[in-house]
Amino acid sequence: MKTLSHAPLKLLTGTALLLGTLSCSQAPSMKEHPMPTPDSPTHTETATLAAGCFWCTEAVFEAIDGVTAVTSGYIGGQTVDPTYKQICSGETGHAEATQITFDPERVSYGDLLDLFWRMHDPTTLNRQGGDVGTQYRSAIFTHSEEQKVEAEASRAALAKETSKGDPIVTEITPAVTFYPAENYHQDYFRNNAEAPYCSFVIKPKLRKLKLDATP
C-alpha cells in the first residue's frame with residue numbers, strides 16, 4: 001500500500017472540466033466483463049463511503065489490494081428500495097455510496113479513509129466536479145463505534161491540516177440500510193472503460209492516485 005497523504009485534491013482534468021456536461025447520470029451501453037473472484041479471507045470488515053459519483057468511488061477502491069468486493073448503491077435516505085431515477089431527483093435523501101468489503105490483514109480502515117480523503121474534495125457541499133446534488137455529498141457511514149472514532153479523528157486531522165482553507169463538510173453517521181444499485185452500475189469502469197465519463201474522469205483520477213487505470 002502506498003503512503004497516502006491527507007491533502008484534498010481536485011481531481012478532474014482540464015479536459016473533463018472543459019466538457020462540463022459529463023456526469024455519472026449519462027450511462028452508455030454496457031459490455032460484459034466478469035468480475036474476478038478473489039480468494040476469500042478468513043475475516044473481512046465493511047466500510048461504506050460516499051465521495052460523489054459511485055462510478056468513480058467504486059473504480060478507485062476496486063484497485064486496492066486487500067479490498068475483496070465493492071458494491072455501488074444508495075444509503076442515508078428515507079425512500080425504501082429507491083431506483084436510480086428517484087435518486088437523481090435528489091428527493092429521496094440518499095447518497096450514492098460504495099460498500100467495501102476488505103481484509104484488515106491486508107488493508108486497514110485507516111488506509112481506506114486516507115484514500116477516501118485524497119480521491120475527492122471534502123470541502124464542496126453536495127458537489128463533486130460536474131455532479132451536483134445531495135446524492136453526491138461527502139459522507140462516511142460507520143459500522144461500529146471503533147469506525148466512528150477513527151473516522152472522526154481522521155476528519156479532525158484533515159481539518160487541522162487545512163484550517164486556512166475551506167471547511168470540511170463530510171458527514172459521519174451510523175450506517176443504515178444500504179440498497180445496491182441497479183446491475184448496470186456495478187463494476188461500471190470495468191464494463192465501460194471507453195465511455196466518455198470513464199475516459200475523461202475516472203482514468204485521470206486513477207492515474208493521479210497512482211492506481212492502475214486499466215480495468
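The values are calculated or read from the model by the stated rules, or taken from the named source; none is laboratory data. Here the structure is a predicted model, which is why all the values come from computation and not from measurement. All Cβ positions, glycine included, derive from the backbone under ideal geometry; neighbour counts span all protein chains shown.
Given the conditions (1) of a type in the set (A, V, I, L, M); (2) surrounded by fewer than 18 Cβ atoms within 10 Å (Cβ to Cβ); (3) modelled with pLDDT of 95 or more, which single one is not true for Ala159?
Single failed check for Ala159: (3).
Could you list, in sequence order, the residues of segment 39-79 that are free of Cβ contacts under 8 Å to residues at least 40 places away in the same chain and in a loop (DSSP other than H, G, I, E, B)?
Of all residues in segment 39-79, those free of Cβ contacts under 8 Å to residues at least 40 places away in the same chain come to 39-40, 42, 68-70, 77-79.
The answer is Asp39, Ser40, Thr42, Gly77, Gln78, Thr79.
Could you identify the single residue in Thr83, Thr57 that is of a type outside the set (A, V, I, L, M), under 20 Å from Pro180 (Cβ atoms), more than 13 Å from the chain's Cα centre (by Cα) and at pLDDT 95 or above?
None of the others qualify; the one that does is Thr83.
For segment 126-138, what are the residues that are crowded, with 23+ Cβ neighbours inside 10 Å, of a type in the set (Gly, Ala, Ser) and on the phi < 0 side of the Ramachandran plot?
Ser138, the sole residue that qualifies.
Residues of segment 182-212 being crowded, with 19+ Cβ neighbours inside 10 Å and among the small types (Gly, Ala, Ser), which ones?
Ala195
Which numbered condition trips up Pro174, out of (1) surrounded by 14 or more Cβ atoms within 10 Å (Cβ to Cβ); (2) touching a Ser or Thr at 6+ places or on another chain (Cβ under 8 Å); (3) at pLDDT 95 or above?
Unmet condition: (1).
So which of Gln135, Gln147, Gln99 ends up being closer than 20 Å to Ala47 by Cβ, part of a helix (DSSP H, G or I), at pLDDT 95 or above and in contact with a strand residue (DSSP E or B) (Cβ under 6 Å, 6 or more places away or on another chain)?
Gln135
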